[in-house]
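Asks: Structure incoming, see below.
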Amino acid sequence: MKQGGCVGIDAGGTLIKLAYIAGEAMVMKRYAADDIHKAVEFVEGKFPGAQLCITGGKSLLMQSLFAREARMLVEFEATCSGVRYLLERAGLPFESFVLTNVGTGTSIHHVTSGGHSRIGGTGVGGGTLLGLSALLTGIADYSEIVSRSRQGSRETIDLKVSHIYEGAEPPISGDLTASNFGRVLRMGQDQGEFGGKERSTSSASTAGGKGKEAGMQANGAPATANVPGHGVDDLLASVVGLVGETVATSSVLAAGQCGASTVVYIGSSFVDNPLLAQIVSDYTRLRGAEPVMLQDGAFSGAIGALQALRELPAV
Ligand code: ADP
Ligand code: MG
């Protein structure tokens, strides 16, 4: 087969992922879904005669933009096959595991050597990370959200089990979050614990960033008028916490339901986002399962689509 003769495409709700072979190496590339025409132009220009295999929610739209026929693949078939390839490459040939794809939303599957089935999912995912961050802080740029969240502290926003038990021995780990964002309205009650630190009375005074504005408090938002202010970085860290803990908790419950002890995490929400990876890993362990952050897992669908067209390099 001639070099680069096949392209695997995963056209997702937020990002379009491509995978192809150049020489001996696999190349992976991503475009925003809004730039779907740029992705098509790239493929048409660089691979004029290549076979294409497309998967993902926007695969029909993507196919309609190509002048040539493309093979279509059911999203989870592609994802699963890409994940098996990446696991083998990583030397992790699990027989039974939960696969959690944290994309725009989150979907959770059980994969065994004999097949796979969808267990469920949650609407809390990478789209929540972007949307809620924009609402709370006005920042809508992914890289700014993830880099600033790393500087933040969740201490005054999230309520831990240990905060409720106040020194008494809790029946479950005090490190577990009792309520994401649940400490926000308890500031008065917990004042002593915060050392009586002075706080502003409007979140508008501290929130708001360099990124695209998302109309924060444009209507005077009475519900937040008496809420103590929180730093932008802290709010972003708490959004990452909410997403990570929801994803990890759902995954661990799914693992218990299907008798698996390992959860493999994929999806672009982990791209350049070590805080989310850390929270998901720690929380998965805390809840009793073993997490695996699959390298290049964001490209599982595109790799699986490519695999449907050609043999991939031996691992
Ligand atoms: P989908 O297949 O639904 O498009 P992905 O697995 O590609 O989902 O993950 C999309 C999520 O990845 C976004 O919601 C966002 O949280 C995160 N993300 C990572 N990189 C970017 C980026 N450059 N631009 C926007 N979102 C990004
Ligand atoms: Mg996807």
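Asks: Can you tell me which of (1) in contact (Cβ under 8 Å) with a residue 24 or more places away in the chain; (2) more than 27 Å from HIS109 (Cβ to Cβ) is the one GLY127 doesn't meet?
Replies: Single failed check for GLY127: (2).
Asks: Show the residue pairs meeting these rules: Cβ distance below 9 Å; 6+ apart or different chains; first residue within the stretch 279-298 and within 16 Å of ligand 1 (Cβ to nearest atom); second residue among the basic types (Lys, Arg).
Replies: Note: pairs meeting the criteria are GLN295/ARG89; ASP296/ARG89; ALA298/LYS17; ALA298/ARG30.
Asks: Continuing with this model, one more query. Inside the stretch 281-295, can you point out the residues that are buried (at least 19 other Cβ atoms within 10 Å of the Cβ) and touching an Asp or Glu at 6+ places or on another chain (Cβ under 8 Å)?
Replies: TYR283, THR284
Asks: Going by the conditions given, is ILE9 within 16 Å of ligand 2 (Cβ to nearest atom), surrounded by fewer than 20 Cβ atoms within 10 Å (Cβ to Cβ), touching a residue at least 12 places away in the same chain (Cβ under 8 Å) and not in a loop (DSSP other than H, G, I, E, B)?
Replies: No: the conditions fail for ILE9.
Asks: Just a yes or no: is a residue in the stretch 94-112 more than 13 Å from ligand 2 (Cβ to nearest atom), assigned to a strand (DSSP E or B) and free of Cβ contacts under 8 Å to residues at least 24 places away in the same chain?
Replies: Yes.
Asks: Here is a further query. Of these, GLY49, GLY45, GLY56, which one is at positive phi and of a type outside the set (Asp, Glu)?
Replies: GLY56
Asks: Look at ASP141 and say whether it is touching a Phe, Trp or Tyr at 6+ places or on another chain (Cβ under 8 Å), in contact (Cβ under 8 Å) with a residue 12 or more places away in the chain and closer than 22 Å to LEU275 by Cβ.
Replies: no
Asks: Looking at this structure, is ILE16 out of contact with any Cys (no Cβ under 8 Å at 6 or more places or on another chain), under 23 Å from ILE266 (Cβ atoms) and aliphatic (A, V, I, L, M)?
Replies: For ILE16, the condition - out of contact with any Cys (no Cβ under 8 Å at 6 or more places or on another chain), under 23 Å from ILE266 (Cβ atoms) and aliphatic (A, V, I, L, M) - is met.
Asks: Something else now. If I ask for residues that are away from ligand 1 (no atom under 16 Å from the Cβ) and surrounded by 21 or more Cβ atoms within 10 Å (Cβ to Cβ), which ones from the stretch 95-125 would you list?
Replies: PHE97, VAL98, VAL111 - these are the residues of the stretch 95-125 that are away from ligand 1 (no atom under 16 Å from the Cβ) and surrounded by 21 or more Cβ atoms within 10 Å (Cβ to Cβ).
Asks: Being within 16 Å of ligand 1 (Cβ to nearest atom) and hydrophobic (A, V, I, L, M, F, W, C): is that true of LEU92 here?
Replies: no
Asks: If we only count helices (runs of 4 or more DSSP H) wholly inside the stretch 15-92, which ones have 1 or more residues that are free of Cβ contacts under 8 Å to residues at least 40 places away in the same chain and surrounded by fewer than 18 Cβ atoms within 10 Å (Cβ to Cβ)?
Replies: Correct list: 36-46, 59-65.
Asks: How many residues does the stretch 34-82 contain that are farther than 30 Å from SER117 by Cβ and small (Gly, Ala, Ser)?
Replies: 6
Asks: Any residue in the stretch 264-279 that is in a loop (DSSP other than H, G, I, E, B), over 30 Å from GLY5 (Cβ atoms) and not assigned by TED's automatic domain parsing to the domain that holds TYR31?
Replies: yes
Asks: If I filter the stretch 133-149 for residues that are under 19 Å from VAL232 (Cα atoms) and acidic (Asp, Glu), do I get at least one hit?
Replies: yes
The values are calculated or read from the model by the stated rules, or taken from the named source; none is laboratory data. Because the structure is predicted, anything quoted here is derived from the model rather than measured. Cβ coordinates were reconstructed from backbone atoms using ideal geometry, including for glycine residues, and neighbour counts include every protein chain displayed.
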